[in-house]
Amino acid sequence: MKLKTALLGAACAFAFAPAAMAERGSDGNVKVLYSQAISIMNPYLSAGTKDVEVGSLVLEPLAGFDHEGVMFPRLVTELPSLENGGISADQTSVTWKLKEGLLWSDGSPFTADDVVFTAAYCMDPAGGCAQLAKYEGVKTVEAIDPLTVKVTFTGPKPNPLVAFVGAESPIIQKAQFEKCLGAAAPTCTQENFNPNGTGPFVVTDFKVNDSVELAANPHYRDPAKPIFATFTVKGGGDSASAARAVMETGEFDYAWNTQINPELQAQMAAGNKGKFVSDFGTLVERIEMNMTDPSPDLPEGERSTAKHPHPILSDVNVRKALSMAIDRNLLVAVGYGESGRASCNLVPAPAIYASPNSDCKTQDMDGAKALLDAAGWVVGADGVREKDGKRFKLVYQTSVNPVRQDFQALIKGWWNELGVEVELKTIDPGVFFGGDPGSPDTFQKFYADVEMYANNFPGTDPEPYIVAYTCDKAPRPESQWQGENINRFCDPAFDALAAELIQTKGEAERAALIIRMNEMLTKDTYTIVPLVDRGRLSAHSNTLGGVVLNVWDSEMGNVENWFRIK
């Protein structure tokens, strides 16, 4: 009996861990569905999570974060530290040592020159880099030798491992992109859609806002990986149809960001064809207030820029009233259940960085009406408030998504009760989260009064995330409409705190600054109106093995280990 049990155990272990004996490309094709279609493979030209994550199948940073938020080396021999001398004693520089023998997917050597070029590419002021905050405080990046890179900062930087770390800050090939610097960056279609990389896969066909076909990188550093020979990413539809394609029809192996309500999750899980995977990180669904005027009556190139402050939302009491009218606990119940928590913070985690602020969690409709009354907005005959002859009307946009449309309907109702006329706008997520500077519908261009979405930061240190709201990082025509400061928020006091944070030592001191900056954006100014601290929710087939949900970096961060359960 013991022998039979042991043999059965061994058989199960073999069935569920074939990766240990696999060869590169031995498991055929894997199919992944992103309800937000992929617009570009270059994360430096898109702040959309979907583009960053699918781009990470090809492009890699020097170091990344695992599923527990712990940093680990990818293309370097070890993480620089004070102890090993990689971080200088005065913390004004960091030295990275590249692994020997690394090759780009075209077979050419990966060298320090590629790292130096990547920094120059993103830091070029005419290029409109979507990830510029990762290079905050960087003075120079130089190649000491082919395998050694030195980054020097403008002053001491207690958190020096930011640039080239995480999927948002990968290395691009100098030989391929050297003609794509500055204003030429978005014009390099071939390079942006088909980059050479060091990652496990290489692009074989790219159809913008549709699909990406990839094949195993023949020069990947682990000769036994990736285990799948080809990788298909299909984009489009919505989160419910994406979940259904894995959990009910079995057409796909993995569905990303299956943002559906708890009842629908339970119905789909009952089919036993797949499983949902979920975990909390730093993903916050929120409403962004446009601090500038998006009116189509303004000249193109001046809409949603600092040249024209918003005629309604420039008043902090108006923004506060809109926040007070929202019942966040009902939003959680309707949209997320146990995979969501009402939040008043842009930075919800780790706990040391999270503000204790909880004022927004209780809806206060009467208080919101009183604020608008005091601000001079008088209810008109048709129930819509007016001030100085101007109607209180807002355009409220977000991406196509069942939960987001539920949220829009609820929030529109509450704002209507306040006396606000609301026009709802929904945009294809592939377009909304894309980086096309020619599109009027990207979340960066922000041609609306308010918009709703969620994003997060890689790793467990919010520094690059929070300093992204300095004045210079607002999207504008001169930056190809790229930039992380989506609201066009601009406060010299905030910028001063950002500069201080970059050079502050001590976890407690850094945490205090981050909390203060979070509160400046949220409870002090209501520039950002957090709604729900969301757990990541995706789905995978029961026949797909090796999946480890990573909420601290790219969700595609370990695809080289995925395999087919036989």
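Within region 401-441, track down each residue that is open to solvent by 60 Å² or more (accessible area, probe 1.4 Å), polar (S, T, N, Q) and not in a helix (DSSP H, G or I).
The answer is THR426, and nothing else.
Going by the conditions given, is ASN487 in a helix (DSSP H, G or I), in contact with a strand residue (DSSP E or B) (Cβ under 7 Å, 6 or more places away or on another chain), of a type outside the set (Asp, Glu) and within 26 Å of VAL318 (Cα to Cα)?
no
Only strands (runs of 3 or more DSSP E) wholly contained in region 19-97 count here; list those with 1 or more residues that are open to solvent by 10 Å² or more (accessible area, probe 1.4 Å), out of contact with any Cys (no Cβ under 6 Å at 6 or more places or on another chain) and of a type in the set (A, V, I, L, M).
29-34, 71-73
Right, THR204: under 29 Å from GLY101 (Cα atoms), open to solvent by less than 50 Å² (accessible area, probe 1.4 Å), of a type in the set (Ser, Thr, Tyr) and at pLDDT 95 or above or not?
No; evaluated as a whole, the condition is false for this residue.
Considering (1) touching a helix residue (DSSP H, G or I) at 6+ places or on another chain (Cβ under 7 Å); (2) within 22 Å of LEU501 (Cα to Cα), say which one VAL94 fails and leave the rest.
Single failed check for VAL94: (1).
From the residues in region 314-362 that are free of Cβ contacts under 8 Å to residues at least 40 places away in the same chain and not β-branched (Val, Ile, Thr), which one is farthest from LEU410 (Cα to Cα)?
ALA351
Quick one: which of ASP238, ASP210 is farther than 26 Å from GLN173 by Cα and open to solvent by 30 Å² or more (accessible area, probe 1.4 Å)?
ASP238 is the lone residue from the list that is farther than 26 Å from GLN173 by Cα and open to solvent by 30 Å² or more (accessible area, probe 1.4 Å).
Which condition from (1) surrounded by 23 or more Cβ atoms within 10 Å (Cβ to Cβ); (2) at pLDDT 95 or above is the one that THR111 breaks?
For THR111, the failing item is (1).
Which of the residues that make up region 387-400 are at pLDDT 95 or above, touching an Asp or Glu at 6+ places or on another chain (Cβ under 8 Å) and open to solvent by 10 Å² or more (accessible area, probe 1.4 Å)?
The answer is ARG391, LYS393, VAL395.
I need the full set of residues from region 482-501 which are free of Cβ contacts under 8 Å to residues at least 60 places away in the same chain and either more than 13 Å from SER304 (Cα to Cα) or among the small types (Gly, Ala, Ser) (or both), in order please.
ASP491, PRO492, ALA493, PHE494, ASP495, ALA496, LEU497, ALA499, GLU500, LEU501
Report, by residue number, each residue of region 131-181 that is open to solvent by 10 Å² or more (accessible area, probe 1.4 Å), over 20 Å from THR92 (Cβ atoms) and touching a Lys or Arg at 6+ places or on another chain (Cβ under 9 Å).
Residues satisfying the conditions are LEU132, LEU147, GLU168.
Residue-wise test of (1) modelled with pLDDT under 95; (2) of a type in the set (Gly, Ala, Ser).
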| position | (1), (2) |
| --- | --- |
| GLN482 | yes, no |
| ARG488 | no, no |
| ALA508 | no, yes |
| ALA511 | no, yes |
| ASP524 | no, no |
| SER538 | no, yes |
| MET556 | no, no |
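If ARG221 satisfies every condition in (1) open to solvent by less than 30 Å² (accessible area, probe 1.4 Å); (2) over 17 Å from ASP51 (Cβ atoms) but one, which is the exception?
With (1) open to solvent by less than 30 Å² (accessible area, probe 1.4 Å); (2) over 17 Å from ASP51 (Cβ atoms) applied to ARG221, the lone miss is (1).
Residue-wise test of (1) more than 28 Å from LEU147 (Cα to Cα); (2) free of Cβ contacts under 8 Å to residues at least 60 places away in the same chain.
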| site | (1), (2) |
| --- | --- |
| ARG24 | no, no |
| TYR44 | no, no |
| LYS50 | yes, no |
| ALA63 | no, no |
| ILE87 | no, no |
| TRP96 | no, no |
| LYS99 | no, no |
| PRO109 | no, yes |
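Has region 260-273 got at least one residue that is touching an Asp or Glu at 6+ places or on another chain (Cβ under 7 Å) and either within 20 Å of LEU424 (Cβ to Cβ) or open to solvent by less than 10 Å² (accessible area, probe 1.4 Å) (or both)?
Checked region 260-273: at least one residue is touching an Asp or Glu at 6+ places or on another chain (Cβ under 7 Å) and either within 20 Å of LEU424 (Cβ to Cβ) or open to solvent by less than 10 Å² (accessible area, probe 1.4 Å) (or both).
Which ranges mark the strands (runs of 3 or more DSSP E) fully within region 281-400 that have 3 or more residues being touching a Ser or Thr at 6+ places or on another chain (Cβ under 9 Å) and closer than 30 Å to GLN265 by Cα?
The qualifying strands (runs of 3 or more DSSP E) are 393-399.
The values are calculated or read from the model by the stated rules, or taken from the named source; none is laboratory data. Note that the structure is a prediction, hence the values are computed from the model and not measured. Glycine also receives a Cβ, built like all others from the backbone with ideal geometry; neighbour counts cover every protein chain displayed. Note: accessible area is taken over every heavy atom of the protein model, side chains too, but ligands, DNA and RNA are not part of it. Shrake-Rupley method; radii C 1.70, N 1.55, O 1.52, S 1.80 Å.
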